[in-house]
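What follows is a single structure, written as structure tokens, with notes after it.
The values are calculated or read from the model by the stated rules, or taken from the named source; none is laboratory data. Given the structure is predicted, the values throughout are model-derived calculations rather than measurements. With ideal geometry, Cβ positions are generated from the backbone for all residues, glycine too; neighbour counts draw on all protein chains shown. Protein only, heavy atoms only, side chains kept; ligands, DNA and RNA dropped before computing areas. Shrake-Rupley method; radii C 1.70, N 1.55, O 1.52, S 1.80 Å.
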Amino acid sequence: MTACTVIGLGEAGATYAAALVAAGHSVTGFDPVAPSTPAGVIRTATAAEACAGADIVLVLTGAAAARSVARECLPVLPAGSCYADFTSSSPHVMQELGQLPGEALFADVAILGPVPTQGVKTPLMVSGPGSRAVADLLSPLGADVEIADGEPGAAMAHKLLRSVLMKGLASVVVEAVTAGRAAGLEEWIRAQIARQLAGDGQAVIDRFLTGTAKHALRRSREMQDTASYLSEDLRVPAEMTSASATALTRIAAETAQTVPALR
């Protein structure tokens, strides 16, 4: 049995705390605002009190609290314990926290999926000296834990790169389906999206990388027209479309500077 502490008992924190209790671990928790406490979790008055005697601390607060929580908890943790920061802090902040004074092994933990739907089986990437402790604790619960090479901050760097795709793609899909609905073509645009997301992913990536630079100027004009159609005719948001037009204009200019002019 491992003595676990969960700081932050919101949706994600409560999910991990409940799963650790169910697995037979002792769990202490702290959250200044969460309205309820998962069954079996001993809730304390302060974060430092929750960490007393812990083998591993899982921090699932908002990123804004990462520094203050670390400064309160790290000094009270014993040598050989693990402090695992699950907040969506930047790689720079994770590096900073990993260098704070303390005897606990620090781990930077990136959550690579939606905890509300996948629970404790949500894939994780970890980096830093405490990585193995996190993997040993959560892998038996069904989590796919990948240990990244490098110091604290490496896992979060991977997550933020993934976010460029996942959050950007989600925003584009929402914008496209909203426009399709307004145009009376929702089912058609849904089918187009599904077709693009299926098949040989690497081939699609290569096609995007080569085709975007080659046709950037023409596509920038097309996206400008598309943005006007969405905002003026359909009266729906067009932020992602407008951003694509701006990016394509930049790529076209950069491409023109690198390709010798035809004489």
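Would you confirm, using the coordinates I've provided, whether GLY184 is at pLDDT 95 or above, out of contact with any helix residue (DSSP H, G or I) (no Cβ under 9 Å at 6 or more places or on another chain) and of a type outside the set (D, E, K, R)? Outline the logic, then answer.
Values: at pLDDT 95 or above: yes; out of contact with any helix residue (DSSP H, G or I) (no Cβ under 9 Å at 6 or more places or on another chain): yes; of a type outside the set (D, E, K, R): yes.
Spelling it out, GLY184 is indeed at pLDDT 95 or above, out of contact with any helix residue (DSSP H, G or I) (no Cβ under 9 Å at 6 or more places or on another chain) and of a type outside the set (D, E, K, R).
Looking at the stretch 1-21, which of its residues are among the small types (Gly, Ala, Ser) and in a strand (DSSP E or B)?
ALA3, the sole residue that qualifies.
Looking for something charged (D, E, K, R) and open to solvent by 20 Å² or more (accessible area, probe 1.4 Å) - is there at least one such residue anywhere in the stretch 112-122?
Here is the first cut: in the stretch 112-122, the ones charged (D, E, K, R) are 121.
Those still in the list that are open to solvent by 20 Å² or more (accessible area, probe 1.4 Å) too: 121.
Yes; the residues of the stretch 112-122 include at least one that is charged (D, E, K, R) and open to solvent by 20 Å² or more (accessible area, probe 1.4 Å).
Mind counting the residues in the stretch 81-118 that are in a helix (DSSP H, G or I) and closer than 16 Å to GLU11 by Cα?
4
Tell me which residues, restricted to the stretch 147-170, are in contact with a Pro (Cβ under 8 Å, 6 or more places away or on another chain), part of a helix (DSSP H, G or I) and among the small types (Gly, Ala, Ser).
Scanning the stretch 147-170 gives ALA154, ALA157.
Can you give me the ranges of the strands (runs of 3 or more DSSP E) entirely in the stretch 25-80 with at least 1 residues that are of a type outside the set (S, T, N, Q) and over 16 Å from PHE106 (Cβ atoms)? Don't jump to the end; show me each part of the working.
Numbers: elements: 26-30, 41-43, 56-59.
Result: 26-30, 41-43.
Going through SER81, SER68, SER36 one at a time, which residue ends up being modelled with pLDDT under 95 and among the polar types (S, T, N, Q)?
Of the residues listed, the single one that is modelled with pLDDT under 95 and among the polar types (S, T, N, Q) is SER36.
Report whether or not ARG219 is under 23 Å from LYS167 (Cβ atoms), open to solvent by 60 Å² or more (accessible area, probe 1.4 Å) and in contact (Cβ under 8 Å) with a residue 12 or more places away in the chain.
yes
Out of the stretch 37-65, which residues are in contact (Cβ under 8 Å) with a residue 24 or more places away in the chain, farther than 24 Å from GLN95 by Cα and exposed (fewer than 14 other Cβ atoms within 10 Å of the Cβ)?
THR46, GLY53, listed by residue number.
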